[in-house]
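Working notes, structure below.
The values are calculated or read from the model by the stated rules, or taken from the named source; none is laboratory data. The structure presented is a predicted model; accordingly, all values stated were derived computationally and were not measured. Positions of Cβ are generated from backbone atoms using ideal geometry, with glycine treated the same way; all protein chains shown enter the neighbour counts. We work out accessible area using only protein heavy atoms, side chains counted, and drop any ligands, DNA or RNA first. Shrake-Rupley method; radii C 1.70, N 1.55, O 1.52, S 1.80 Å.
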Amino acid sequence: MKPGEKQFWRVANTTTQAFMSLQFMFGDAAQTLEVISRDGVPVNGDTMVTSIDLPPAGRAEFIVTGPPAGTTATLVNGGFDTGPVGNGNPAQILANVVATTAATQQAAPQTATSTAPGLAVTQRFSGLAPMQPITKRKLFFSEAALGSNPPVNFFVTVEGQRPRLFSMNEPPNIVTKIGAVEDWTIENRTSEEHAFHMHQIHF
C-alpha cells in the first residue's frame, strides 16, 4: 500500500477455535481502525477502535491507514484471554505491511448495489428492533469434562431445566410459533470464552 493511503480490509477468522484481537501496529503503537461492519452487518455507535475482537468464524470489515514511507507495519493478533480452561491464544504477527510509492491502487470493494444496479437491498433483521417480543427466555451454556482431559460434554439449557445432552429422540425444549419474536438471554456459565453459534452439520 502507499504511505498514508486508506484501504478497505476484510478479515475473516477461519480458525476452528482461536479467538483473535486484531491490531494494526506502527512499531509498538496500535493504530486507529474504522470499523464498517461485523459479519456483514453495519456497525452502529463508535466505529473508531484500536482493536477488533473476532471469534472463530467471525468477520470484520474496516478501514486502515498505511504507514509512513519506510515504516513497516504489522497486522497482529494481540492475544486473547479465553479463561482458566480455555485454549491459549498468544500474541502473534499475522502479516507485515510495507508502504511504498510503487504500490498499485486498490480496487473498490464489490457490494450488492454495485453488482446489481437498481436492486433494492434490505438489511436482514432491519425491522426487528421496534417489534415487541411475545416472551422472554433465559438459557445458559455449561460443560462437563469427562475426566482430566477432553472430550467435554456441552449443554444449552433453559433456566429451570436440568442440563442434558441433545438427543434427536427427545421432545423439543422450546416450542414457539412461526414468525414469533422472542427475547433470549443466554449466559455462559463455563470457565472459558465461548462464542454463541449454531452447528448445521454433525462432526
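Tabulated results
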{"read-out": "Scan of segment 42-67 for residues that are surrounded by 14 or more Cβ atoms within 10 Å (Cβ to Cβ) and in a strand (DSSP E or B), ordered by number", "value": "Val49, Ile52, Asp53, Leu54, Arg59, Ala60, Glu61, Phe62, Ile63, Val64, Thr65"}
{"read-out": "Test: Gly78 is modelled with pLDDT under 90 and of a type outside the set (A, V, I, L, M)", "value": "no"}
{"read-out": "Test set (1) more than 26 Å from Val41 (Cβ to Cβ); (2) of a type in the set (Ser, Thr, Tyr); (3) modelled with pLDDT of 90 or more - Ser148 fails condition number", "value": "(3)"}
{"read-out": "Selection count where residues are in a loop (DSSP other than H, G, I, E, B) and under 27 Å from the mean Cα position of the chain (by Cα), scope segment 174-187", "value": "4"}
{"read-out": "Cross-chain or 6+ apart pairs with Cβ under 8 Å, segment 2-31 first and at pLDDT 90 or above and in a loop (DSSP other than H, G, I, E, B), then surrounded by 14 or more Cβ atoms within 10 Å (Cβ to Cβ) and of a type in the set (Asp, Glu)", "value": "Phe19/Asp53; Phe19/Glu193"}
{"read-out": "Selection count where residues are assigned to a loop (DSSP other than H, G, I, E, B) and either under 19 Å from His197 (Cα atoms) or without any contact (Cβ under 8 Å) to a residue 12 or more places away in the chain (or both), scope segment 126-155", "value": "10"}
{"read-out": "Residues (part of a strand (DSSP E or B), open to solvent by less than 40 Å² (accessible area, probe 1.4 Å) and either touching a Lys or Arg at 6+ places or on another chain (Cβ under 7 Å) or not polar (S, T, N, Q) (or both)) located in segment 68-94", "value": "Ala73, Leu75, Val76"}
{"read-out": "Count - residues of segment 153-167 that are modelled with pLDDT under 90 and more than 28 Å from the chain's Cα centre (by Cα)", "value": "1"}
{"read-out": "Condition broken by Ser142, with the remaining ones in (1) modelled with pLDDT of 90 or more; (2) exposed (fewer than 10 other Cβ atoms within 10 Å of the Cβ); (3) not acidic (Asp, Glu) satisfied", "value": "(2)"}
{"read-out": "Residue match in segment 59-72 (condition: farther than 26 Å from Thr190 by Cα, modelled with pLDDT under 90 and of a type in the set (A, V, I, L, M, F, W, C))", "value": "yes"}
{"read-out": "Only one of Gln23, Gln17 that is closer than 13 Å to Val97 by Cα, within 20 Å of the chain's Cα centre (by Cα) and not hydroxyl-bearing (Ser, Thr, Tyr)", "value": "Gln23"}
{"read-out": "Sole residue being under 23 Å from Gln7 (Cα atoms), surrounded by 10 or more Cβ atoms within 10 Å (Cβ to Cβ) and at pLDDT below 90, chosen from Thr113, Thr104", "value": "Thr113"}
